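Heads up, the thing below is written out as structure tokens.
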Amino acid sequence: MSCCPNGERRNRNKFKNNIEMKKILAFAGSNSKTSINKQLATYAASLVGNAEVNVVDLNDYPLPLYGIDLENVSGIPENAQVFLDLISSADGIVLSLAEHNGAYATVFKNIYDWMSRIDGKLLSNKPMLLMATSPGARGGATVLDIAKGRFPYMGGNIVSTFSLPSFYDNFKDGNLVNEEFKVQLNIEVLKFEKSI
């Protein structure tokens with residue numbers, strides 16, 4: 001699905017100025033139906049020029065809790081391969097991570113673990129805009145630091161990062177309302193756009 005803020009669809013041509021539009025995969029490391037990280041990822045991806053944006057939800061790719069015994073008995077679930085294929089077919093990734101107790105949300109860690117059993121470089125060296133947000137003042141800074149340290153070992157090509165603190169104060173009705181953070185995000189999006 002191609003999305004813009006406030007649920008508007010992109011109505012751009014596949015080709016713009018004879019350049020094929022880039023395919024962006026956007027998602028949140030969360031399974032909340034009202035995920036603030038999904039809102040941020042959707043918004044940020046909509047700012048990328050000359051792009052077809054596919055916003056996906058981890059709830060649509062359910063997986064059992066990873067365990068080696070389960071893998072040995074049942075193999076790797078199909079949804080792990082399906083999500084890995086989404087990553088490998090994209091030109092770039094926009095990911096915003098939820099922070100639970102200073103780490104990845106369980107749903108993200110679980111799909112990450114399953115995909116790593118198929119391909120240790122599961123992020124496929126795709127250019128990534130890596131973000132996090134939270135209701136609190138740190139804006140998911142801890143999980144962002146964890147990901148920045150770990151993703152490069154798993155095929156992560158992080159070209160830009162952004163943290164949004166105090167989500168409910170700074171993001172309203174599908175848009176960033178804090179001008180300082182809006183400028184910061186636009187800078188990071190431009191870095192990402194130039195890398196894809």
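The values are calculated or read from the model by the stated rules, or taken from the named source; none is laboratory data. The shown structure was predicted, so the numbers you read here are calculated from the model rather than taken from an experiment. Virtual Cβ from ideal backbone geometry, glycine too; neighbours counted across all protein chains shown.
Out of the residues in the range 98-110 that are surrounded by 16 or more Cβ atoms within 10 Å (Cβ to Cβ) and in a helix (DSSP H, G or I), state the one that is nearest to the chain's Cα centre (by Cα).
Phe108
Among the residues of the range 166-177, is any within 24 Å of Lys22 (Cβ to Cβ), at pLDDT 95 or above and part of a strand (DSSP E or B)?
yes
Taking the condition of being closer than 18 Å to Thr42 by Cα and of a type in the set (Phe, Trp, Tyr), how many residues in the range 143-166 meet it?
1
This table checks each residue for (1) surrounded by 13 or more Cβ atoms within 10 Å (Cβ to Cβ); (2) among the polar types (S, T, N, Q); (3) under 17 Å from Asn37 (Cα atoms); (4) touching a Ser or Thr at 6+ places or on another chain (Cβ under 7 Å).
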residue: Pro152; (1), (2), (3), (4): yes, no, no, no
residue: Ile158; (1), (2), (3), (4): yes, no, no, no
residue: Phe167; (1), (2), (3), (4): yes, no, yes, yes
residue: Leu185; (1), (2), (3), (4): yes, no, yes, no
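For residues that are in a loop (DSSP other than H, G, I, E, B) and of a type in the set (Gly, Ala, Ser), scanning just the range 111-128, find the one that is surrounded by the fewest Cβ atoms within 10 Å (Cβ to Cβ).
Gly120
Within the range 167-196, count every residue that is under 16 Å from Ala41 (Cα atoms) and of a type in the set (Gly, Ala, Ser).
Selection size over the range 167-196: 1.
Considering each of Leu65, Leu84, Leu95, Leu40 in turn, give the residue that is touching a helix residue (DSSP H, G or I) at 6+ places or on another chain (Cβ under 8 Å) and assigned to a loop (DSSP other than H, G, I, E, B).
When all the criteria are applied, what remains is Leu65.
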